[in-house]
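In what follows, a single structure is set out as structure tokens and then discussed.
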Amino acid sequence: MTQNLAYGLAPPLNPAYNPVMNQPQTAELIQQGLVHHRAGQISLAMDRYTQVLQIDPQNADALYYIALVACNEGQFQQGIDLARRSLNFRPRQARAHNLIGQALHRKGQIKEALESFDNAIECDINFADAYGNRANMLSELGRHSEALSSFDRAIALKNTASDWLNRGATLHAMGRLVDAIESYDKAIGLDPDFCVIHCNRAHALLDAGRDMDALAAYDRAIAIEPKFAEAYLGRALALRKLSRVEDALVSIDKAIEIKGDVAKMHGARASLLRALGREDEARAADTQAAELEARKNETGAPEKAS
């Protein structure tokens, strides 16, 4: 079962990256922009950053924060270009390399993203976010052992639930189920109300043959987020393994009600219907799954269950 990696596009606005200015006017405008930025008042923040560039077109801080806004709005190439301009005027900004890496990842350029995260670490050897992001790229590239080392470094620097979660997903991909569950447990200890952790933990428990524990973990994920389709799908698989096929069908129908355009859900429904002897309905579900799979292949877009 596909693991859910949880990491955001933009790094938090960290006080460790306070801008250093020579001009009091631009420094004040940047600070005002950051206040608005943190409050989610993006248009006001952009107004301040733009004013800075009108005074000082080579202001690296303003360029970086505008790049951050662009990436958060899904304008990844624009964000990359702005971050690179910022680096032109102030080289060795770890945060700018990190942002470029995140944007490249969103564009599907995994190897290039990895290089950017390496550049960020070269600029700041203690930049925890870059180690975590680097680990995610290594994991996606199948370089799991290297990914674990990078996750461990990130966690040593900044103990976050997201790094423990993604570390667990990497361990799961390696077949190290006991270690993956332990990693998810660490993540839950830091963020007990993050539904994805409980769902990923449930996947690992299910693969480890701990079906009742998996069911309880899926139920916990659903209690936190009642519209979490992936958790309902996993719950159906756990119920199937526990020979509770009717209950499993109810769970998969709930998943489809929430997210009906995912082929694997209809495929799972077909299997359950067939187990119940409802062959005509099973064939209809198989057809629906096949149509969705063909549509996904035509568009090239990955399906999402949650």
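Please treat every number below as a calculation from the coordinates, not as lab data. Computed from a predicted structure; not experimentally measured. Cβ: placed from backbone, ideal geometry, glycine included. Neighbour counts: every protein chain shown.
Some observations on this one:
- Computed over neighbours whose Cβ is under 13 Å from that of CYS71, the net charge equals +2, Lys and Arg +1, Asp and Glu -1.
- All alpha carbon pair distances within the stretch 229-306 were sorted into 5 Å bins beginning at 0; the resulting P(r) in whole percents reads 3, 19, 27, 24, 17, 7, 3, 0.
- Against the chain, whose longest principal axis comes from its Cα atoms, helix 161-173 is set at around 50 degrees.
- Under 16 Å between alpha carbons - lysine pairs in the chain that sit 8 or more apart or on different chains: 11
- Student exercise, the stretch 127-191 dipole from Lys, Arg, Asp, Glu Cβ charges, in Debye to nearest 20: 140
- Cβ-Cβ FRET estimate between GLN54 and GLN77, R0 fixed at 22 Å, reported to 0.05: 0.40
- Over the chain, equivalent-ellipsoid semi-axes from the Cα gyration tensor in Å: 43, 21, 17
- Label sites at MET174 and LEU141, each approximated as a point 7 angstrom past Cα along Cα to Cβ, lie 1.7 nm apart.
- Ranked by how many other beta carbons lie within 10 Å on average, peptides 230-236, 160-166 from highest: 230-236, 160-166
- The alpha-carbon atoms of the stretch 148-306, seen along their principal axes, cover 56, 37, 27 angstrom, with the largest extent given first.
- Theoretical ellipticity at 222 nm over the chain - DSSP helices of four or more residues, -39500 (n - 2.57) apiece, nearest 500: -23500 deg cm²/dmol
- Neighbour net charge for ASP124 - beta-carbon separation under 13 angstrom, K R +1, D E -1: +2
- Think of the chain as a dipole: +1 on every Lys or Arg Cβ, -1 on every Asp or Glu Cβ, centred on the Cα centre; then among LEU82, VAL196, ALA45, LEU82 lies furthest on the positive end.
- Ranking ALA255, LEU138, GLY277 by Cα position along the charge dipole of the chain, where only Lys, Arg, Asp and Glu carry charges on their C-beta atoms, puts LEU138 farthest toward the positive end.
- Inter-part distance, the stretch 234-306 to the stretch 43-102, computed on C-alpha centroids, equals 44 Å.
- Highest to lowest packing among 66-77, 211-222, scored as the average C-beta count within 10 Å: 211-222, 66-77
- Protection proxy ranking for 89-96, 291-298, using the average of other Cβ atoms within 10 Å per residue and placing the highest first: 89-96, 291-298.
- Magnitude of the charge dipole, the stretch 229-306, Cβ model with Lys/Arg +1 and Asp/Glu -1, debye to 20: 320
- Reduced Cα scattering model of the stretch 20-179, Debye log10 I(q)/I(0), q = 0.18 Å⁻¹: -1.05
- Global geometry of the stretch 173-250, whether rounded, prolate or oblate, following the gyration tensor of its Cα atoms and the 1.5 cut on a/c: oblate
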